[in-house]
Amino acid sequence: MNQEDIKNLVGWLQAIYKQTEMTRGTTNEIRQHVNLLPEIRESTKSGSQDSNDAERKIEETRNHLENRIKHVEDSVNDIRSIVKDIQSKVDRIK
């Protein structure tokens, strides 16, 4: 490997690290919202006057979680793509 190859490899590894950090942050955010589900469940038990509020919270949480899951899936796909690119370049360097 020459210096340019090593520089490229380090750059790719840094990109992978950045993507995994973003994914970890997104996962933590999803976990926080999942932890809200018991509160939402309690809201639904508190009576019919609160049911509209509970339904709204459930829908908002569901939508938010779906969006975050899509983001995580996109990040994982980006990481896969970067890893495949690195793998092909390393194979070419060999």
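Any read-out appearing in this document is the output of simple, stated calculations on the displayed coordinates, not a laboratory observation. Being a predicted model, the structure only gives us computed values, none of them experimental. All Cβ positions, even for glycine, are placed from backbone atoms using ideal geometry, and neighbour counts span all protein chains on display.
In the stretch 3-93, if the dipole is taken from +1 on Lys/Arg beta carbons and -1 on Asp/Glu beta carbons about the Cα centre, which of 64, 36, 79 is farthest to the positive end?
Selected residue: 79.
Pop out the ³J(HN,Hα) list for the stretch 6-21 in order, Karplus 6.51 cos²θ - 1.76 cosθ + 1.60 with θ = phi - 60°, rounded to Hz; leave Gly and Pro as x.
Once θ is set to phi - 60°, the couplings for the stretch 6-21 become 5, 4, 5, 4, 4, x, 5, 5, 5, 5, 5, 4, 4, 5, 5, 5 Hz.
What is the fewest-to-most order of 84, 18 by other Cβ atoms lying within 10 Å of their Cβ?
84, 18
Where the only charges are on Cβ atoms (+1 Lys, Arg; -1 Asp, Glu), what is the dipole of the chain about its Cα centre, to the nearest 20 debye?
Charge dipole of the chain: 420 debye, to the nearest 20.
For the chain, what Kirkwood radius comes out of the mean inverse Cα-Cα distance, in Å?
When all Cα pairs of the chain are included, the Kirkwood radius is 16.1 Å.
Relative to the longest principal axis of the chain, what angle (0 to 90°, nearest 10) does the C-alpha long axis of helix 51-93 take?
10 degrees
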